[in-house]
Amino acid sequence: MFKSVTMGNPMGLDHTVTKGIISAKNRPVRISGKIYEDIIQTDCAINPGNSGGPLINLNGEVIGMNAFIIKNNQGLGFAVGIDSIKERIGKYLAR
């Protein structure tokens, strides 16, 4: 297991940092009939306001972007993996 940190402004509270454990990498998650493959599962608190913020490992490296939680599911948070983000950005910038 890996430790991680997430940052953001949940509920309008500035400069919020939470910590947690990454319990899975490359977890496939189905949302509205579409399967997302490069998803990181964490117990870092991801709430409205810090989704879209960075998921950071203890080396200070951004490893993902906070994306969503599954409501009523014991605080499971999910982030999009950084490699998937880099790929999408590269395609966007190549236009």
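For Lys86, the solvent-accessible surface with a 1.4 Å probe is about 130 Å², rounded to the nearest 10.
Using the Cβ-Cβ distance between Asp14 and Lys34 with R0 set to 25 Å, the FRET efficiency works out to roughly 0.15.
Considering only Gly77, Ala94, Phe2, the residue lying farthest towards the positive end of the dipole of the chain is Ala94, judged by Cα position with unit charges set on Cβ. Helical content of the chain, expressed as a calculated mean residue ellipticity at 222 nm, amounts to -4000 deg cm²/dmol (DSSP H runs of 4 or more residues, -39,500 (n - 2.57) each, divided by residue number, nearest 500).
Computed about its Cα centre, the charge dipole of the chain is approximately 260 debye, with only Lys, Arg, Asp and Glu carrying charge at their Cβ. Approximating the spin labels as points 7 Å out from Cα along Cα→Cβ, the Asp83-to-Leu58 distance works out to 2.3 nm.
At a threshold of 8 angstrom on Cα-Cα distance, excluding pairs fewer than six apart, so keeping six or more, what relative contact order does the chain reach in percent? The value is 25 percent. What fraction, in whole percent, of alpha-carbon pairs in the chain exceed 15 Å separation? Percentage above 15 Å: 59.
The values are calculated or read from the model by the stated rules, or taken from the named source; none is laboratory data. Since the model is a prediction, treat every value here as computed from it, not as a measurement. Note that each Cβ is placed from the backbone with ideal geometry, even for glycine, and that neighbours are counted across all protein chains shown. Surface accessibility is based on the protein's heavy atoms, side chains included, excluding ligands, DNA and RNA. Shrake-Rupley method; radii C 1.70, N 1.55, O 1.52, S 1.80 Å.
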